[in-house]
Each structure stands twice: as structure tokens, then as C-alpha cells.
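The values are calculated or read from the model by the stated rules, or taken from the named source; none is laboratory data. Remember, predicted model here, so these are calculated numbers, not experimental data. No Cβ is skipped: glycine too gets one built from the backbone with ideal geometry, and neighbour counts run over all protein chains shown. Protein only, heavy atoms only, side chains kept; ligands, DNA and RNA dropped before computing areas. Shrake-Rupley method; radii C 1.70, N 1.55, O 1.52, S 1.80 Å.
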Amino acid sequence: MGGGIGGGQRARHVVTAHGREAASADGGRSAEEERAAEEERAVDQALALVGHQPRAGHRPPEGPGATPPKPTPSSPVSPPSPSPSPSAAASAGPESRPEPGLTPSSPARSAPTPGAATPSSPAPSSPTPVVPPLAAPASAADSASSRPHGASSADRPASSPHAHRTGATAWHAARALAERLGRAAPLAAHRLPLDRALGHVLAEAVVALTDLPSFDTSAMDGWAVAGPGPWTVKEGEGLLAGRGSTEPLPDGQALRIATGARLPADATAVIRSEHAHCDEARRLLYAGREVVQGQDIRPRGQECRSGDELLPAGTVVTPPVLGLAAAAGYDALLAVPRPRVDVLVLGDELLTAGLPHDGLIRDALGPMLAPWLRALGAEVAEPRRLGDDAGALRRALVSSDADLILTTGGTAAGPVDHVHPVLAEIGADLLVDGVAVRPGHPMLLARLAEGGPCLVGLPGNPLAAVSGLLTLAEPLLRGIAGRPTQDRYRAPVRQEVHGHPHDTRLIPVVHREDSVVPLHYNGPAMLRGIAAADGLAVVPPGGVRSGTEVEILDLPWASASPWTEGCFT
């Protein structure tokens, strides 16, 4: 990728995992802290609607090899008051406040809006109280991004201006909610042999089962010596790794030794072969330089002692992790299963091969999403293409046993945008209905049922879908998998970046030395910019001047090692 994101040459301004920068010297709260606190309240309120609270952490099973039982999902918890807190209500907008007589524990669904184009779908069997969702209006250009991949607003029938949601969730709050929702899910761990653990996340700490090394060993090929020299060469073939005598080495004697061989008792140093001269006739060994006691010896316990914590829970299993675990005596590791993801591609106008023709366009998201999700550590089924069929979408949602369902397109209010009506029909909890971000404004996050899978609805335009993937799906998967929260970092932009008047913008960038350079071709329907990018710059409302530091979202393959299982290998 352009700029070499893994080169380590760029300077990073790291922000804490909670998104707070240091407070001012006089002890006051910074603007960043105030914003983070406000978003935290909004996240808590949204999670309370469905009775989900962040889990305290994974508890490993009792005894070796045990697998913890899956906890029984808790019942929805109603907040103390049926009305949201003033601060949360203010941040969500007037349309997000519950209507009279509705309780916050009711499922959140999209209420039909007068004048909106409504697709035909079966009505729910019985009336259900509705909580107006967190939502926002979409501009003509960005609302089109929820239609199929590459379609423009001109391809859609005109709809009422009231057809779009009017209280979008702030971008940082939406990401925080998605991650905490993922962490609220129960973690079931299983013990995997080392050859199957690659890419999983540790469910418990790796603790040394022995000292490393477990005995004094030679760090070099050469001579083990005892006491001062010159030394009498002891007869025999010497000591090799894995075999050899453990008899003490008398003072004044020397014995050949190989790297990794166990050091004889009473040996005081190892002399490298190139630093020694052996007089074969007199059977005497001379050192070519000063010999220091303990030189070129790896003493027992140099790396760790038995019982030391080597790796914490939440560590991703990489090849070095496998090597360390094996060295420490492990045959298997307790790990969190990879989140399972179903991808549902919507849109009758999509082709799977050949050139676009006669109003039909190529499906850009089906080929892109599965490997992208695998790069995030998920197990992904083959994408299913459902077209614009509300019944097929409903059947796919209610029959899925995945941890996360991703849909592409159909999240707006057009005549064949079936995602909202189907979610309402099956009683899903709609947690995020529109995010204040461009592109990707019409994305959504829902919980299908208590204990059931989550759903992230991606807009249909390719770059808008990428925005939804990084805003909602990536933090949700990180939470489900038990991965630690990533530290955010900032980098200065090399040129002025225009912003949206009210919403966050995500702009593809490449790293150049100690700054980032925005890329062209960053419209909602374009992939040319993101295909050349190292990451996405998070541009606040109003834009930024050249030299301003902005938050950077790395792309999973830009900083990943090539071993990553399923990541373009």
C-alpha cells in the first residue's frame, strides 16, 4: 500500500482507548473529554434500551481443557425513567425522544412516515410499541449511497423529504456503541491445538509452565570451561543439544559444547570457537581474549520463571505467540472462537461477471466484504445474493446462526429498500439508524433478538459501505472476539481538507513521512481512492487546515503481517 503504513517512520499522536486527551493543566475537562462523556451517556442509553451492559471480562473455565457454558441471556433492563437523560436526548435530537406511553425497553423500530415510499411487506401480526430510532436526515447525494453499488440518486424515484431519519448518532458514539454491544455478548471459549489457534484471540493469559530456559545452556558453539585458563581439554566428543553427560566439569578443564547443549555443572563460561586456540599436542586450550564468568551462557530462567504471565488475555495468536506457547510447555491454547458473519447482498441490478450493461452494474461489495471481514479475524460464509426480495431477506435473517449479519444496500426509504420494514416485522431492536458521517450516512445497527445475532446494514455505494464497515462492523467484531480496544492515533494532513457542515467525513489517505496525504476519488460510489489508501482520515465537521492533526483509521491489511489467516494469502 502507498506510503508503507507498517514502516514505523511516521509520528503518531496516540489518544487513550477511551478517546480522551490530557486535561488542561488547571484540572479542567478538555473539549475532548466533554465530548467523550456525552457520547458515553448516549451509548449507555442505547444499550439500556435492549438490556445490554458491557461485560466485565472473560472468565476462563475451571480446570484444564474445560469450556465455559454459554450464559443465559439476561432479560431486557428498563432504565429508571422512561425518558432519556437531558444530555442524551439533546445529543440525539428531538426525533429520538420516546413518544408518550412508550417505554425505553420496547423494541426500537422505524416508524412509517407520511409521504415516504414504503415497500410492500407483511404487517406484524400484532401492534408493537415503537421507540423512535436515533437517526438523521440524509442529503440527496448521501442517501443514494444506501442503494445498490454504484447507483446514483438519479436512479431512484423521488421521495418525501420526511422519508429519512432526523437524529443521526454521532460517529464516535456509534463506534463506541458497536464495540460495547459486541463486548456485552457472552464469550464461549474453547481449547485449540497450537496448529489451529493461529489468528484466534486468547481467552486466558498464557502463563509459563516451566522456567525458560529450563536449564543452563550454551549460547554458542565452542568450549565450556571451569575456572581460569589455560584449560586441559577433556576427552570425549563433547556436549550436543539434547544429549550429553551432566557430570560436573572439574576446575581447570574444558569440554567442547554445541549451541543449545546443557551446560555441565560447575562450568563458569563458554568460549566461542573463534576466540579459542587448542594445542592438540599438549591438549591445552587457550583463550584469545579475556574470559568473563558467565559469558555466552543462557542461565536457567533468563527469559521467564515458571508461573510468570507471558501474554495477557485478548492477545491475538500470531506465529511468535505459537512459538512462545510451545516453548513454555503448551500443547493447546484457550481461545475465543472467531465471530461468524453472514453477508447478504441486496439489489436486483447486480451482475457477478462481465461488463455493466443495460442498467445493470457489477457487484463490488460481494467480492470485497468477505476477505475484508476475514482480515478482521472473522469466519465468513460465502456471500448470498438475495436481490430486492423482502421475503428472502426475512427468511435469511430469521434462519441465520451467525454472530453478525451484514447486508448491503436497501437501508434508505425507496420502494425496494426492504431492510427497515423487515427488521420492524421480525421485532429487531434498532440501535443505530443513521450515523452523522459522510459517506455512509444511512448505515444502521440492530439486534435481531435477545441473544440473537447483530445486524449491520451497509449502504449500497462501495465507499459508503466501507465507511459502515469501519464505523459499526469492525468495532462490533472486535468486541465479540474479545480483542482489546485499539489506541487511537493522529497524524497531520499535508493539505487542507474540506469537511461536511455538520457530519464527520472519512477520507482515504496515504502516509508520506510524518504526515498523511488525502486521495482523490473519495465519492460514495468510488473505490479508486480506498484501493490505493493506507487508511482513512477522520475529518471533523467544517474540515481542517493543512498541518492539522486528525484521527487515522488503519486498514486491516496495511499494518497486518502476511501470516494473517484468510488475509489475501
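When the accessible area of segment 330-448 is computed with all protein chains present and a 1.4 Å probe, what percentage of it is carbon and sulfur?
Carbon and sulfur together cover 51 percent of it.
Are there any trypsin sites (Lys or Arg not before Pro) in segment 233-291 that are in a DSSP loop and have at most 12 other Cβ atoms within 10 Å? List them by number.
Here the trypsin sites (Lys or Arg not before Pro) that fit, given the DSSP loop and packing criteria, are 282, 289.
Using a probe of 1.4 angstrom, how much of the accessible area of segment 276-317 is carbon and sulfur, in percent?
The value for segment 276-317 is 44 percent carbon and sulfur by accessible area.
So for the pair residue 273, residue 326, with labels modelled 7 Å out along Cα→Cβ, what separation do we get in nm?
For the pair residue 273/residue 326, the computed spacing is 2.6 nm.
Give me the extension gain from residue 502 to residue 358: residue separation times 0.36 nm, minus the current Cα-Cα distance, reported in nm with one decimal.
Gain on stretching residue 502 to residue 358: 48.1 nm.
Per-residue counts of other Cβ atoms within 10 Å, averaged by peptide: what ranking do you get for 396-407, 171-182, 446-457, highest first?
171-182, 446-457, 396-407
Order 248-255, 458-465 from most to least packed using the mean count of other Cβ atoms within 10 Å. Write down the numbers at each step before the final one.
Values: 248-255: 18.5, 458-465: 30.9.
In descending order of packing, they fall as 458-465, 248-255.
Computing the accessible area with a 1.4 Å probe over protein heavy atoms, can you report the carbon and sulfur percentage for segment 457-569?
51
FRET efficiency for residue 401 and residue 300, Cβ-Cβ distance as r, R0 = 41 Å, nearest 0.05?
0.25
What's the magnitude of the charge dipole for segment 174-260 around its Cα centre, counting Lys and Arg as +1 and Asp and Glu as -1 at the beta-carbon? Answer in Debye, nearest 20.
Dipole of segment 174-260, to the nearest 20 debye: 700 debye.
Would you mind getting me the FRET efficiency between residue 282 and residue 196? Use the beta-carbon distance for r and R0 = 51 Å, nearest 0.05.
0.30
Where a ≥ b ≥ c are the square roots of the eigenvalues of the C-alpha gyration tensor, would you call segment 384-507 rounded, which needs a/c under 1.5, or, failing that, prolate if a/b is larger than b/c, or oblate?
Numbers: a/c = 2.47, a/b = 1.49, b/c = 1.66.
Because a/c hits 1.5 or more and a/b fails to exceed b/c, segment 384-507 counts as oblate.
Taking amide hydrogens as modeled 1.01 Å from N in the peptide plane, which residues meet the under 5 Å criterion relative to residue 385, leaving out close sequence neighbours?
Those qualifying (amide H under 5 Å, at least 5 residues apart or on another chain) are 345.
In Å², what does the accessible area per residue of segment 396-438 work out to with a 1.4 Å probe?
19
Please list 3J(HN,Hα) in residue order for segment 259-275, calculated via the Karplus relation 6.51 cos²θ - 1.76 cosθ + 1.60 where θ = phi - 60°; whole Hz, with x for glycine and proline.
Whole-Hz 3J(HN,Hα) from phi for segment 259-275: 4, x, 6, 5, 6, x, 4, 6, 5, 10, 6, 10, 9, 4, 4, 6, 9.
Can you work out the FRET efficiency for the pair residue 531 and residue 389, with r the C-beta to C-beta distance and R0 = 30 Å, to the nearest 0.05?
Result of the calculation: an efficiency of 0.45.
Could you derive backbone 3J(HN,Hα) for segment 358-364 from the dihedral phi with the Karplus parameters 6.51, -1.76 and 1.60 (θ = phi - 60°), listing whole Hz in sequence and x where the residue is Gly or Pro?
6, x, 9, 10, 6, 6, 8
Under a crude label model (7 Å from the Cα following the beta-carbon direction), how far is residue 235 from residue 309 in nanometres?
With each label placed 7 Å out from Cα toward Cβ, I get 5.5 nm.
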